[in-house]
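The values are calculated or read from the model by the stated rules, or taken from the named source; none is laboratory data. Model, not experiment: these values are computed from the prediction. Positions of Cβ are generated from backbone atoms using ideal geometry, with glycine treated the same way; all protein chains shown enter the neighbour counts. Quick note on the areas: whole protein, heavy atoms, side chains included, nothing else; ligands and nucleic acids left out. Shrake-Rupley method; radii C 1.70, N 1.55, O 1.52, S 1.80 Å.
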Amino acid sequence: MSSSPNHGGSSAKRRKGNDGAVVGFLSSWMGYFTGRRDDNAQHMLARNEQMMERMEELMNKMMEEKLESLDDHENEERHEEGEEDGGEEEYSSEGESDSDEESVESISTEDLRNKGKALEAYQEMVATNRDDWKYSAEDLNMDMVDIDFDLAEDEIESIMHLSQNIKNCTIKMRRGEYTFNHGKNVEYFDQDDFDYQGVRLEPRDLAETYEKIPYIYALRSHWEEFAHALDDFGLILDVMPDYAEPCFQISQIELPAAIFKTIVKSLEGKGFIKYYFRDNGFGRYGIRALIDLMDSNPELRSLLLHDNSIDEEDEIDFCQAIVGHPTLTSIDLAGCCGGRIYMLSELVRSNQLESISMITSDLSFVIVAEREGFCNALSSNTSLTHLTLSGNNLIDEDAASIAGALERNNTLQHLCLRGNMFTEAAAAYFGYALGTNNTLSSLYLSKRVAERAEIYNALFDNSSLNSAADSNHTCHVVRCGFKACNEEDDPTGNRQRKIYKILASRNKRMSNVQYFDDIDINLLPEILAAVQRYASTPVSERQLLYRVNSEVSGLSIVYEFMRKWDSIYKTLGTIDRC
């Protein structure tokens, strides 16, 4: 480990001592951990050694940053002392400096001490499990699965595979593994994954599976082993890097309320950033347990709850748990609300969340007044940036109300409305909204709506340079059948491309001078910027959305304007005199 220069004084010696103590602790700890080997533990130890090396790197880096921070603080204090005139003021300044230095050093030492304790507890847990723990649940066989159940062959196969997955996941937790990788693929549950950190269980072929794996009593002992291993996962969370976003996920696996409550009890108080529960069938008692789980985790930021029905009687309490949570900003309730819009409206009205997704909820039976209430809440919302309402059987009247909300909302950036019942008439509503909204950056519509001229003209009205400049340059309409009018996150480039397209089209007929008198003089800087951009950029390096932009030289357009330069000069002179 590199150390900061010693500027003298006992504090630097103490820091050096702390530095050595940390290195000594890590070295002795690593030696203890790697010194005990047997043939059955080679794979486990190899994985853990890699993780411990990563932890040591993080500790060293943190120590270096703390030392640099303290040295910078000392230099700043010494500089201030040199500018003082002495006397009582100088004495007071020195006193404050000593106090501040002790505070900074105390914070540094405390952080290292806490990290060391966390690593020591983690190592002790792994060592204990290695020596004293054994997976006790009996492996499933065909007789255990098929008895007293009328199960299809593929269901039996899925249950057998699930039991093995639960066992594998339990063993990994006991080993202290959390499926972390740094930019490389890792193998987890026999599949490649990218940067997944946490605990995850799902069917083997998730992409091809639509039904959840059924629960049978023979799985109970496996779930109990899983929950017991999860009891100690807080020790693993404590040694994850600060930038990790640990997730807990169980997808398309039936969890009766009793089993789910057992898992929830083991999850309580553990700082997972994301929960992902999909099609688990844990019912109303499971929803009540989930409310308590959210309350126990102040670090939760994202909750995905697909196809787990929320009863109408629990909607108020569920909303309050979400709205009252200190850090929760993203919620996904696909297929959870049974054709009701109350939760959607309340969550939007709360002004607490940044992302809401509620798809496949069939809102066609919701009364008009409740739908309008949601749209009114959306128009005044100031927190939401992502909203997904796909597959809800929304109709043209809903399109009109949502478009009206977009005209007033100035924070929403991404809106997905695919798979609804909009007709071509909805294009007029959204086209008009895009003419006034300049914060929406992506809009997902069905092809029949996105391809309409009303959408195209809102994004690029090519009837004149003025209208092109006044078009929407921020929103990228996905599935638009025309050449893409807007690239995402490039409003300036979008505007210049459109201006240049008109100039280039007219230049092919040498007709730009005929339209000069119709150009708003305030648009001239934009025109010149667009021409300069294309004139100075080789064709091979241009990001072109329109073919004509590569067929015309910017210098040719400049030549056209030079023919009208007298008019330009006179106009600019008039502006200067004003």
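Tabulated data
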| read-out | value |
| --- | --- |
| So Asp190, is it modelled with pLDDT under 90, at positive phi and open to solvent by 30 Å² or more (accessible area, probe 1.4 Å) | yes |
| Number of the exception - Lys265 against (1) in a loop (DSSP other than H, G, I, E, B); (2) open to solvent by 10 Å² or more (accessible area, probe 1.4 Å); (3) over 21 Å from Leu353 (Cα atoms) | (1) |
| Matching residues in segment 374-418 - criterion: being without any contact (Cβ under 8 Å) to a residue 40 or more places away in the chain and in contact with a Gly (Cβ under 6 Å, 6 or more places away or on another chain) | Gly391 |
| Criterion (over 30 Å from Ile253 (Cα atoms), among the aliphatic types (A, V, I, L, M) and at pLDDT 95 or above) met by exactly one of Leu406, Leu353, Leu344, Leu417 | Leu406 |
| Test: residue in segment 510-527 that is of a type in the set (D, E, K, R) and modelled with pLDDT of 90 or more | no |
| Identity of the residue in segment 294-314, among the acidic types (Asp, Glu) and open to solvent by 10 Å² or more (accessible area, probe 1.4 Å), that ends up nearest to the chain's Cα centre (by Cα) | Glu299 |
| Residue in segment 503-521 that is touching an Asp or Glu at 6+ places or on another chain (Cβ under 6 Å), among the β-branched types (Val, Ile, Thr) and farther than 16 Å from Ala427 by Cα present | yes |
| Cβ-Cβ under 9 Å pairs, at least 6 apart or on other chains, segment 499-525 side over 21 Å from Asn457 (Cα atoms), far side of a type in the set (Asp, Glu) and surrounded by 12 or more Cβ atoms within 10 Å (Cβ to Cβ) | Asn507/Glu560; Lys508/Glu551; Met510/Glu560; Ser511/Glu560; Asn512/Glu560; Val513/Glu560; Phe516/Glu560 |
| Filter result for Gly286 (free of Cβ contacts under 8 Å to residues at least 60 places away in the same chain, out of contact with any strand residue (DSSP E or B) (no Cβ under 7 Å at 6 or more places or on another chain) and buried (at least 17 other Cβ atoms within 10 Å of the Cβ)) | yes |
| Selection count, segment 219-248, where residues are in contact with a Lys or Arg (Cβ under 6 Å, 6 or more places away or on another chain) and over 18 Å from Lys265 (Cβ atoms) | 1 |
| Counted residues, segment 305-342 - those being in a helix (DSSP H, G or I) and over 15 Å from Ile287 (Cα atoms) | 2 |
| Residues of segment 214-258 classified as open to solvent by 10 Å² or more (accessible area, probe 1.4 Å) and either free of Cβ contacts under 8 Å to residues at least 60 places away in the same chain or among the hydroxyl-bearing types (Ser, Thr, Tyr) (or both), total | 17 |
| Hits in segment 350-381 (condition: open to solvent by less than 30 Å² (accessible area, probe 1.4 Å), of a type in the set (Val, Ile, Thr) and either in contact with a strand residue (DSSP E or B) (Cβ under 9 Å, 6 or more places away or on another chain) or in a helix (DSSP H, G or I) (or both)) | Ile356 |
| Contacts under 6 angstrom Cβ, first residue in segment 452-465 being over 14 Å from Asn494 (Cβ atoms), partner among the small types (Gly, Ala, Ser) and buried (at least 17 other Cβ atoms within 10 Å of the Cβ), 6 or more apart | Arg452/Ala427; Glu454/Ala427; Glu454/Ala428; Glu454/Gly431; Ile455/Ala427; Ile455/Gly431 |
| So Phe430, is it surrounded by 18 or more Cβ atoms within 10 Å (Cβ to Cβ), aromatic (Phe, Trp, Tyr) and in contact with a strand residue (DSSP E or B) (Cβ under 9 Å, 6 or more places away or on another chain) | yes |
| Within segment 419-429, tally of residues that are closer than 12 Å to Val477 by Cβ and under 27 Å from the mean Cα position of the chain (by Cα) | 0 |
| Residue count for segment 104-157, restricted to those that are part of a helix (DSSP H, G or I), open to solvent by less than 60 Å² (accessible area, probe 1.4 Å) and either at pLDDT below 80 or of a type in the set (Gly, Ala, Ser) (or both) | 12 |
| So Tyr210, is it farther than 22 Å from Leu300 by Cα, at pLDDT below 95 and either touching a Gly at 6+ places or on another chain (Cβ under 8 Å) or open to solvent by 10 Å² or more (accessible area, probe 1.4 Å) (or both) | yes |
| Residue check, Leu443 surrounded by 19 or more Cβ atoms within 10 Å (Cβ to Cβ) and assigned to a helix (DSSP H, G or I) | no |
| Check on Leu459, in contact with a strand residue (DSSP E or B) (Cβ under 9 Å, 6 or more places away or on another chain), of a type in the set (A, V, I, L, M, F, W, C) and either at pLDDT 85 or above or surrounded by fewer than 23 Cβ atoms within 10 Å (Cβ to Cβ) (or both) | yes |
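Yes or no, residue by residue, for (1) in a loop (DSSP other than H, G, I, E, B); (2) farther than 22 Å from His386 by Cβ; (3) charged (D, E, K, R); (4) in contact with a helix residue (DSSP H, G or I) (Cβ under 6 Å, 6 or more places away or on another chain):
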site: Ala428; (1), (2), (3), (4): no, yes, no, yes
site: Tyr432; (1), (2), (3), (4): no, yes, no, no
site: Thr439; (1), (2), (3), (4): yes, no, no, no
site: Ile455; (1), (2), (3), (4): no, no, no, yes
site: Ala458; (1), (2), (3), (4): no, no, no, yes
site: Asn462; (1), (2), (3), (4): yes, yes, no, yes
site: Val477; (1), (2), (3), (4): no, no, no, yes
site: Asn486; (1), (2), (3), (4): yes, no, no, yes
site: Thr492; (1), (2), (3), (4): no, yes, no, no
